[in-house]
Amino acid sequence: MPPVVTMVSARIAPERVIEVIDGFMAAVRAGMPERRHTSLLRGEDDLWRIITFWQNRSDLDHYLTSTDSPFATQLLENAGGQPTVEILEQVRDNNATWWT
């Protein structure tokens, strides 16, 4: 099974941004063992995005069934956003040792 990536995005009012940053950092400090990597990104026009890499779709599905509200969605909702979620399958990666 190939790795998958989730991208959860929402527009967050500038006065609520600290809630997103603090919440994200608290979760990172607490540990997120089911995820390979997660990043918090800021775009233009108050757009915030949490991108997370998962080992495979099975790991993501297991996580989703283990929680009432996924972390990234809940974090952005709690800060007043209306999250959209995308799930993508990783096709290639520049870190692959066989790719030259």
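Quick notes on this structure:
- Selection of the range 4-16 for residues being out of contact with any strand residue (DSSP E or B) (no Cβ under 6 Å at 6 or more places or on another chain) and part of a loop (DSSP other than H, G, I, E, B) yields only 13.
- Test: residue 11 is farther than 18 Å from residue 87 by Cα, among the charged types (D, E, K, R) and within 15 Å of the chain's Cα centre (by Cα): yes
- For the range 62-100, taking the residues that are of a type in the set (Gly, Ala, Ser), in a loop (DSSP other than H, G, I, E, B) and modelled with pLDDT of 90 or more, the one that is nearest to the chain's Cα centre (by Cα) is identified as 69.
- Only one of 47, 40 that is without any contact (Cβ under 8 Å) to a residue 40 or more places away in the chain and either among the aromatic types (Phe, Trp, Tyr) or buried (at least 16 other Cβ atoms within 10 Å of the Cβ) (or both): 40
- Inclusion of residue 93 among residues that are over 16 Å from residue 8 (Cβ atoms) and in contact with a strand residue (DSSP E or B) (Cβ under 9 Å, 6 or more places away or on another chain) is not warranted.
- Candidate set: the range 17-61, residues that are basic (Lys, Arg) and outside any strand (DSSP E or B); chosen: the one nearest to the chain's Cα centre (by Cα): 35
The values are calculated or read from the model by the stated rules, or taken from the named source; none is laboratory data. Not measured: the values here are computed from a predicted model. Because the Cβ atoms are built from the backbone with ideal geometry, glycine has one as well, and the counts that use them run over all protein chains shown.
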